[in-house]
1. Which number in (1) in a loop (DSSP other than H, G, I, E, B); (2) over 16 Å from the mean Cα position of the chain (by Cα); (3) of a type outside the set (Phe, Trp, Tyr); (4) at pLDDT 95 or above marks the one condition that ASN3 misses?
2. Tell me, which helices (runs of 4 or more DSSP H) lie completely within the stretch 45-147 with 3 or more residues that are closer than 23 Å to ASP27 by Cα and among the β-branched types (Val, Ile, Thr)?
3. As an exercise: evaluate SER152 against (1) open to solvent by 60 Å² or more (accessible area, probe 1.4 Å); (2) modelled with pLDDT under 95 and give the number of the one condition it does not meet.
4. Looking at the stretch 53-103, which of the residues that are of a type in the set (A, V, I, L, M) and surrounded by fewer than 16 Cβ atoms within 10 Å (Cβ to Cβ) is nearest to GLN42 (Cα to Cα)?
5. Among the residues of the stretch 73-80, is there at least one that is within 23 Å of GLU7 (Cα to Cα) and either in contact with a Gly (Cβ under 7 Å, 6 or more places away or on another chain) or of a type in the set (D, E, K, R) (or both)?
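The values are calculated or read from the model by the stated rules, or taken from the named source; none is laboratory data. Remember, predicted model here, so these are calculated numbers, not experimental data. Cβ atoms come from the backbone with ideal geometry, glycine included; neighbour counts cover every protein chain shown. Just so you know, the surface numbers come from the protein's heavy atoms only, side chains and all, with ligands and any DNA or RNA stripped out. Shrake-Rupley method; radii C 1.70, N 1.55, O 1.52, S 1.80 Å.
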Amino acid sequence: MFNDFDENENIILKQLMKENYTQKYFDECNYIWKNYVPEIGQANVLQGELLRELEKLRYEAQNNGNMNWDKDFEYFCDFISETLCKQDIYSDDEKRKITLILKHFKRCGQYATYVLDEMNDDEIVNLDLLAYCEDNLYDIIADDIGFFQMKSSEPIPFVKNDNIMR
């Protein structure tokens, strides 16, 4: 369950994790945040909801070590990945990178849940897998959302998911 990446995926992921990444679409993300992300609750615009969910994932990992991980965070990983990968503005390589990064976030959250439920602190095998806390991978996905905003600058309506509490 926690080693579900093939060798090539592990190599790519390790390269991405080492990369010093600087956002290219920070202004677009800032626009989304200011205009489409509400103070509480889900956004009414798809671009806002994508960024809101990503920042929830970042906050949970960086501030809580994924110790509050639940089905909502798993949904966020799947929703962001599936939504972005449906767009024809990304190459196949970019879609694979999006999928790989969000799959890693999900794997970390699942491992954190497993550790919390099943292990004592002295039994934890891989501390690095509990939560990805560096900004670079989150910034890569944020840039993908910013690029999406740039390419489809009109707000896309988003229907709130009543099953999501975060």
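1. Just one mismatch for ASN3, condition (4).
2. No helices (runs of 4 or more DSSP H) qualify here.
3. Of everything listed in (1) open to solvent by 60 Å² or more (accessible area, probe 1.4 Å); (2) modelled with pLDDT under 95, SER152 misses just condition (1).
4. Among those residues, the one meeting the criterion is MET67.
5. Yes, because at least one residue in the stretch 73-80 is within 23 Å of GLU7 (Cα to Cα) and either in contact with a Gly (Cβ under 7 Å, 6 or more places away or on another chain) or of a type in the set (D, E, K, R) (or both).
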